[in-house]
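A.B. asks: If you scroll down you'll find the structure; I have some questions about it.
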């Protein structure tokens, strides 16, 4: 039986630039950065605490850079994270409150869309 989501392929145009964004802006850890064949690398990043991660892909014709949206990232302190991200120059929406929690949206440099959320009851 399937028991977890391990890796999500995230289409990017430049692996090195995307790696810098995910590590220096979002604070993710580099889990792997290895050659994968001629002119290709396996670059995998994810939250330091573990869970699902992203592989930054450039080789899928059916997945152009910036074509993914709606990926939800969870935080325990959305106000602090939004302030930190804005301080690093990221364009991120204001925090919106809903019965299920609070959230803000942003895009990576390629246009992949994310939702940063803090679920209700987390403070």
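Nothing in this text is a laboratory measurement; each read-out follows from the coordinates by a stated rule. Worth saying up front: this structure is predicted, and the values here are computed from it rather than measured. Note: ideal-geometry Cβ built from the backbone for every residue, glycine included; neighbour counts use all protein chains shown.
A.B. asks: Among the residues of the stretch 16-24, is any within 14 Å of the chain's Cα centre (by Cα), buried (at least 19 other Cβ atoms within 10 Å of the Cβ) and part of a strand (DSSP E or B)? Steps first, answer last, please.
C.D. replies: Going through the stretch 16-24, the residues within 14 Å of the chain's Cα centre (by Cα) turn out to be 17-24.
If we keep only those that are buried (at least 19 other Cβ atoms within 10 Å of the Cβ) as well, we get 18-19, 21-22.
Checking which are part of a strand (DSSP E or B) leaves us with none.
No: the stretch 16-24 contains no residue that is within 14 Å of the chain's Cα centre (by Cα), buried (at least 19 other Cβ atoms within 10 Å of the Cβ) and part of a strand (DSSP E or B).
A.B. asks: Filtering the stretch 90-107 down to residues that are in a loop (DSSP other than H, G, I, E, B) and free of Cβ contacts under 8 Å to residues at least 40 places away in the same chain, which residue is farthest from residue 20 (Cα to Cα)? Don't jump to the end; show me each part of the working.
C.D. replies: First pass over the stretch 90-107, keeping only residues in a loop (DSSP other than H, G, I, E, B): 90-91, 93-95, 99-100.
Keeping just the survivors that are free of Cβ contacts under 8 Å to residues at least 40 places away in the same chain gives 91, 93-95, 99-100.
Working: 91: 16, 93: 21, 94: 24, 95: 25, 99: 34, 100: 32 Å.
For the stretch 90-107, the residue satisfying everything is 99.
A.B. asks: Right, another one. Can you name the number of the only condition in (1) under 12 Å from the mean Cα position of the chain (by Cα); (2) surrounded by 14 or more Cβ atoms within 10 Å (Cβ to Cβ) that residue 69 fails?
C.D. replies: (2)
A.B. asks: Based on this model, can you work out whether residue 114 counts as surrounded by 15 or more Cβ atoms within 10 Å (Cβ to Cβ) and out of contact with any helix residue (DSSP H, G or I) (no Cβ under 9 Å at 6 or more places or on another chain)?
C.D. replies: In short, yes.
A.B. asks: For the stretch 41-56, state whether one or more residues are touching a helix residue (DSSP H, G or I) at 6+ places or on another chain (Cβ under 9 Å) and assigned to a loop (DSSP other than H, G, I, E, B).
C.D. replies: Initial filter on the stretch 41-56 (touching a helix residue (DSSP H, G or I) at 6+ places or on another chain (Cβ under 9 Å)): 41, 43, 45-46, 54, 56.
If we keep only those that are assigned to a loop (DSSP other than H, G, I, E, B) as well, we get none.
Among the residues of the stretch 41-56, not one is touching a helix residue (DSSP H, G or I) at 6+ places or on another chain (Cβ under 9 Å) and assigned to a loop (DSSP other than H, G, I, E, B), which makes the answer no.
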